[in-house]
Amino acid sequence: MLFSGSISRGCFAAVFASFSVLATAYAQAPAQPTFPVGGAMQLQAAPNEHPLMPALRWARGGLPAIEKIQDYTCTVIKHERIGAKLADVQYMAVKIRHKPFSVYMNFLAPTSLKGQECLYVEGANKGKMWAHGTGMEFKMFGTVALEPDAPLAMRGQRYPITQIGILNLTRRLGEVASEDVKYGECDVKYFKGAKINDHSCTCIQVTHPQPRKNFLFNIARIFVDDTMNIPVRYESYDWPRTPGGQPELIEEYTYLNLKFNVGLTDADFDRGNPAYRLK
């Protein structure tokens, strides 16, 4: 997506005038979600209904409310496997506007990416994103225009910038569930009282015991914030490489410090914004 999150077991300014406060936010972010002891609960599906259908209904039913959100700011924590390698955890300060779909990202960590920025506005700049690297790369090339799915833009990323955000995540979850309900071998459990940074969530855990060509993962977990009724974390794991081994992380995305309808303007998605280095 560019030139090149974390939760415990157990307010940003509306337009990100300063990103310094985010450094504290991600430094304090715990490492893994908290699950209540014995909290697993099988949601009751209708007779002869696929066990994933209740979750699919949630995804479909929640879309209209998410689509009504005009904009938001947040911290995105991302951990992805690129090929056979598990990349470093990345922390990003993000601004998103739904219409026209617009994204501004400023990398906070790791150190190798800190200060890297990218900007995308649907229908502008001939469909290209603006981005710059850090250090010598920035000095040599400055800010460049790239197709979102160009090899350079996708370096070290699983998805292009056009697929980021709560709305895209919810749509994708619905699409995957719509395919999975066509098959058996699916166990679905619900964990009430899971916590993401002290926010109460319901965790939907989907397990496919056996690897099949029609399944994308062994285990997937979606954490839905109980107050906002939106997914704030998604993680998926591949099947163990060896018998008795542990599932391997494929991808993990966490949305923290969400502030909705903060009144983002065109200036927030303008490469000429004096707070940015996208000149």
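Side notes on the structure shown:
- Separation of alpha-carbon centers, segment 220-269 and segment 165-185, rounded to whole Å: 14 Å
- By average C-beta atoms within 10 angstrom, highest first, the peptides 206-216, 129-139: 129-139, 206-216
- The phi torsions of segment 148-165, fed into the Karplus equation with coefficients 6.51, -1.76 and 1.60 and a -60° offset, translate into couplings of x, 9, 5, x, 5, 5, 8, 4, x, 10, 8, 9, x, 4, 5, 9, 7, x Hz, rounded to whole numbers, with Gly and Pro shown as x.
- Here the relative contact order of segment 227-266, from alpha carbon pairs under 8 Å that lie six or more residues apart, stands at 36 percent.
- Working note: Karplus 6.51/-1.76/1.60 with θ = phi - 60° gives segment 70-78 the couplings 7, 6, 6, 10, 6, 10, 9, 10, 10 Hz, where Gly and Pro are set to x.
- In sequence order, calculated HN-Hα J values of segment 181-191 (Karplus, 6.51, -1.76, 1.60; Hz; x Gly/Pro): 5, 7, 10, x, 6, 9, 10, 10, 10, 10, 10
- Proximal lysines to Lys114, defined as alpha-carbon separation beneath 29 angstrom and excluding residues fewer than eight positions away on the same chain: Lys78, Lys85, Lys95, Lys99, Lys126, Lys128, Lys139, Lys195, Lys259, Lys279
Taken together, the values in this text are just the output of simple stated rules run on the coordinates, not laboratory data. Not measured: the values here are computed from a predicted model. Quick reminder, even Gly has a Cβ in these numbers, built from the backbone with ideal geometry, and neighbours come from all protein chains shown.
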